[in-house]
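Visitor: Here it is: the structure, laid out below.
The values are calculated or read from the model by the stated rules, or taken from the named source; none is laboratory data. As the structure is a computational prediction, the values presented were derived from the model and not from experiment. Here Cβ is always computed from backbone atoms with ideal geometry, including for glycine, and neighbour counts include all displayed protein chains. Just the protein is used for accessible areas: all its heavy atoms, side chains included, with ligands, DNA and RNA removed. Shrake-Rupley method; radii C 1.70, N 1.55, O 1.52, S 1.80 Å.
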Amino acid sequence: MAKYIFVTGGVTSSLGKGIIAASLAKLLQARGLKVTIQKFDPYINVDPGTLNPYEHGECFVTEDGAETDLDLGHYERFLNIFTSQANNVTTGRIYQTVINKEREGAYLGKTVQVVPHITDEIKRRMLHLGQTGEFDIVITEIGGTVGDIESLPFVEAVRQLQWELPEEDTLVVHLTLIPYLKAAKELKTKPTQHSVRMLSQEGVHPDIIVCRTERTLTPELRRKIALFCNVKMEAVIEAADAPTIYEVPLAMMREQLDIISLKKLNITEYREPELARWKEFLDKLKYPKDKVAIGLIGKYIELQDAYKSILESFVHAGAMNECQVQIINVHSEFITDENVSEKLAGLDGLLVAPGFGHRGVEGKIVAVKYARENKMPFFGICLGMQMAVIEFARNVLGLKDAHSTEMNPDTKNPVIDLMDEQKKITAKGGTMRLGSYPCEIKEGTLAHSIYGKTSITERHRHRWEFNNSYLEQFEKAGMMASGKNPGTNLVEIVELPNHPFFIGVQYHPELKSTVENPQPVFVHFVKAAREYAERKDDVKSPVLQGESA
Ligand code: GLN
């Protein structure tokens, strides 16, 4: 039987519950336990697939094609495991199940209510992964902040489970904020006391309090938090701001979050943590030997969460290359023929991001042209790959009006067209070509040298595809399809053999990059950018400013 850890959050959102949950999971995994993490989100959308990235950041797609919260990306990157549809549950999905059952008559005439029907369905899903026999520990992250109306049924379900299960089978970790008041030069514990009290009023008492803080917690402060929140001193954990999220597991280990959790869960069989590969990665990340500047061409660049997995993939690939990757965000809407060289000249590589809809696509096409003509390393993902195809059609094949029917349904040259299977679909949410599909790679191509094999699988999220009636024309002119779906011939990878590094992929390689298994296209792209930086004679523009990945 599995044991259950619940992670709640107090005081404010965005404290990094996902990272704390993933860090605890990593430590328990490193000690030899089989761990998974799931996220319960309190919103009414059935899944985040229909949410605009500005609302909720990137939509993370699992192997089995579930559109999920971006925290699942952290879970996979930390734990090096696959999650699935079962790992992300929303209030919308819970209600959908209960309402469908009601319509089927499953409640036999009873009045269907939040308690017990909604809470029973929440509990069923909270326990589900633990009942598969695959895991020793299931960590459940409860989205939202304690005290929100929406998260009440989730907290009530945790309360009931704590009552129903043996004492040693559940553990509640409450993540909170200890703000520093500059004027008073003091860390303040009152908001934490209030949020723990609120949680207690809802019937759940935390076993461990993890305190996000900018300053070190003094022993007196720890004592105060312990006393007023009614936990043991050792169960007050300091989570100071870290230079990278990948430091957090080690910081949590120093605070003994894992040991205290194991003690409460009465787990006595565990080993010393095996974190050699993790630490090796961190060393490489912290002490890079080189630096490259990669342009991220997208339309959601104001919100970094929109490209979370891409940014993290660069962290993994950068460490692998012992090279710091500086990401320069370039808004695709503002790139034009006139300003493109000014905007992109100082870069060492260009990534054209995934996306939907018309906004910003012409700028993306201009950026692709620049990379193709200047032999700058280019990597296009999903929409980015489709833009590379359109650019080639327009500027090399001379099909001036070439486009995707997503942006121009009336184009005479629909080089990117809606997939047949999509033509009948009108419903949104879970209806794209989603999840893992196989791809066969041609020998001797760039893709082959990157992956080192001819059969791969990668994850997808799209409705449009390369229009195969143009393939011969493209290949004659020098853009080849180096990877295809073996069953349907859908073009998965395009590349330019006469360019040092130019690759576009219909799938989302960023969804499978982990600390221990950096994604190979990213690794080779960073390597190519490094080589390009060495080759190019022009000095890098000193005015470039950007985020460090
Ligand atoms: N909008 C494009 C399609 O649906 C690309 C999707 C994406 O970039 N994820 O095919």
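Visitor: Holding the Cα-Cα limit at 23 Å, pick out from LYS284/LYS527; LYS343/LYS476; LYS182/LYS224; LYS453/LYS484 the pairs that are longer than that.
Guide: On the way: LYS284/LYS527 15 Å; LYS343/LYS476 32 Å; LYS182/LYS224 20 Å; LYS453/LYS484 14 Å.
In this structure, LYS343/LYS476 exceed 23 Å between Cα atoms.
Visitor: Using each residue's phi in the stretch 59-64, evaluate 6.51 cos²θ - 1.76 cosθ + 1.60 at θ = phi - 60° and report the 3J(HN,Hα) Karplus result to the nearest Hz, with x for Gly and Pro.
Guide: 9, 8, 9, 8, 3, 7
Visitor: For the stretch 274-365, restrict the atom set to alpha-carbon positions and state the Rg and Dmax in Å.
Guide: Expressed in Å, the Cα Rg and Dmax of the stretch 274-365 come to 15.3, 54.
Visitor: How much length is gained on full extension from GLU167 to ARG271, taking 0.36 nm per residue of separation minus their Cα-Cα distance?
Guide: Numbers: separation 104, 0.36 × 104 = 37.44 nm, distance 2.35 nm.
Using 0.36 nm per residue and subtracting the Cα-Cα distance, I get 35.1 nm.
Visitor: Non-local amide H neighbours of ILE37 (under 5 Å, H modeled in plane, Pro and chain starts lacking H): which ones?
Guide: Distant-sequence amide H within range of ILE37: ILE139.
Visitor: Roughly how tilted is helix 152-164, in degrees to the nearest 10 and between 0 and 90, from the longest Cα axis of the chain?
Guide: For 152-164 against the chain, the angle is about 50 degrees.
Visitor: For SER455, project a label point 7 Å along Cα to C-beta. Then give me every residue of the stretch 462-488 with its amide nitrogen under 17 Å of that point.
Guide: 483-488
Visitor: In addition: For VAL415, what residues show an amide H to amide H distance below 5 Å, using hydrogens built from the backbone and excluding near sequence neighbours?
Guide: Placed amide hydrogens put HIS403 under 5 Å from VAL415.
Visitor: Identify, among GLY487, MET1, ASN395, the residue whose Cα sits farthest towards the positive end of the charge dipole of the chain, taking +1 on the Cβ of Lys and Arg and -1 on the Cβ of Asp and Glu, with the dipole about the Cα centre.
Guide: MET1
Visitor: I'd like the distance between the alpha-carbon centres of the stretch 236-304 and the stretch 389-404, rounded to an integer number of Å.
Guide: 45
Visitor: On to the next question. Measure nothing fancy, just the Cα-based angle from helix 219-229's long axis to the longest principal axis of the chain, in degrees from 0 to 90, nearest 10.
Guide: Relative to the chain, helix 219-229 is tipped by roughly 70 degrees.
Visitor: Please give the contour-minus-distance gain from LYS279 to GLU338: 0.36 nm per residue of separation, less the Cα-Cα distance, rounded to one decimal in nm. Walk me through the numbers on the way to the answer.
Guide: Working: separation 59, 0.36 × 59 = 21.24 nm, distance 4.61 nm.
Length difference between fully extended and current span is 16.6 nm.
Visitor: What nm value, rounded to one decimal, do you get for the distance between THR244 and ALA226 when each label is placed 7 Å out toward the C-beta?
Guide: 3.4
Visitor: Sort all Cα-Cα distances of the stretch 297-437 into consecutive 10 angstrom bins from zero, then give the percent of pairs in each bin up to the one containing the longest distance.
Guide: The percentages, shortest bin first, are 11, 38, 35, 15, 2.
Visitor: Now a separate question. Using just the C-alpha positions of the chain as equal point scatterers, what log10 of I(q)/I(0) does the Debye formula give at each q in 0.05, 0.07, 0.10 1/Å?
Guide: -0.23, -0.44, -0.87
Visitor: Sticking with this structure for a sec: Near the amide H of PHE502, under 5 Å away, which other amide H atoms are found, from residues 5 or more places off or on another chain, if H is placed in the peptide plane?
Guide: Residues meeting the amide H criterion: PHE378, LEU496.
Visitor: Work out from phi, with θ = phi - 60° and the Karplus expression 6.51 cos²θ - 1.76 cosθ + 1.60, the ³J(HN,Hα) of each residue of the stretch 180-191, listed in order in whole Hz, and give x for Gly and Pro.
Guide: 9, 8, 4, 4, 8, 6, 9, 7, 10, 9, 4, x
Visitor: Work out the length of the dipole vector of the stretch 197-280 about its Cα centre, built from +1 on the beta-carbon of each Lys and Arg and -1 on the beta-carbon of each Asp and Glu, and round it to the nearest 20 debye.
Guide: So the dipole magnitude of the stretch 197-280 works out to roughly 300 debye.
Visitor: In the full protein assembly as shown, how much of CYS229 is accessible to a 1.4 Å probe, in Å² to the nearest 10?
Guide: Solvent-accessible area, nearest 10 Å²: 0 Å².
Visitor: Go ahead and run the numbers for FRET between LEU303 and GLU531, Cβ-Cβ distance against an R0 of 30 Å, rounding to 0.05. Before the final figure, lay out each step's value.
Guide: Details: r = 32 Å, r/R0 = 1.05.
It comes to 0.40.
Visitor: How large a share of the accessible area of the stretch 404-456, in percent, is made up of carbon and sulfur atoms when the probe is 1.4 Å and the other protein chains stay in place?
Guide: Details: 1380 of 2840 Å².
Exposed carbon and sulfur together represent 49 percent of the surface.
Visitor: Within straight cross-link reach of LYS412, meaning Cα distance under 19 Å, which aspartates and glutamates are found once same-chain residues fewer than 8 apart are removed?
Guide: GLU362, GLU391, ASP401, ASP420, GLU465, GLU472
Visitor: Compute for the stretch 80-211: radius of gyration divided by Kirkwood radius, i.e. Rg/Rh, restricted to C-alpha atoms, rounded to two decimals.
Guide: Values: Rg = 17.6 Å, Rh = 16.9 Å.
Over the Cα atoms of the stretch 80-211, Rg/Rh equals 1.04.
Visitor: Here's something else I'd like to know. Projecting each Cα onto the charge dipole of the stretch 20-117 (Lys/Arg +1, Asp/Glu -1 at the beta carbon, about the Cα centre), which of PRO53, GLN113, ASN100 comes out farthest on the positive side?
Guide: Projecting each Cα onto the dipole axis, the largest value belongs to GLN113.
Visitor: So, one more: Once the dipole of the chain is set up with Lys and Arg at +1 and Asp and Glu at -1 on Cβ about the Cα centre, which of THR62, PRO438, VAL515 lies farthest towards its positive end?
Guide: Positive-end residue among those listed: VAL515.
Visitor: Quick one: work out the % antiparallel among DSSP beta bridges in the chain, nearest 5. If you can, show how the numbers build up before the last one.
Guide: Numbers: 26 of 78 bridges.
Looking only at bridges with both residues in the chain, the antiparallel portion is about 35 percent.
Visitor: Helix 383-395: angle to the longest alpha-carbon principal axis of the chain, degrees 0 to 90, nearest 10?
Guide: Helix 383-395 and the main axis of the chain meet at about 10 degrees.
Visitor: What lysines sit close enough to LYS123 to cross-link, taking a C-alpha to C-alpha distance under 26 Å and skipping anything fewer than 8 places away on the same chain?
Guide: Straight-line reach from LYS123, under 26 Å: LYS3, LYS17, LYS26, LYS34, LYS39, LYS101, LYS110, LYS263, LYS264.
Visitor: Okay, moving on. Magnitude of the Cβ-charge dipole of the stretch 339-453, K/R +1 and D/E -1, about the Cα centre, nearest 20 debye?
Guide: Values: 15 positive and 13 negative charges, 20 e Å.
In total the dipole reaches around 100 debye.
Visitor: Then there is this: Could you sort the peptides 453-459, 343-349, 89-95 by per-residue average Cβ neighbour count (10 Å cutoff), highest mean leading?
Guide: Values: 453-459: 15.7, 343-349: 22.6, 89-95: 21.0.
Highest to lowest by the protection proxy: 343-349, 89-95, 453-459.
Visitor: Hey, another quick one. With label points built 7 Å along Cα→Cβ from the Cα atoms of ASN468 and ASP410, find their separation and express it in nm.
Guide: Calculated label separation equals 3.0 nm.
Visitor: I need the peptides 124-136, 266-278 ranked by packing, meaning the mean over residues of other C-beta atoms within 10 angstrom, with the highest value on top. Walk me through the intermediate numbers first.
Guide: On the way: 124-136: 15.9, 266-278: 12.6.
Put in order of decreasing packing, that is 124-136, 266-278.
Visitor: Using +1 on the beta carbon of Lys and Arg, -1 on that of Asp and Glu, and nothing else charged, what's the dipole of the chain about the Cα centre, debye to 20? List each step's numbers first, then the result.
Guide: Details: 64 positive and 74 negative charges, 147 e Å.
Value, rounded to 20: 700 debye.
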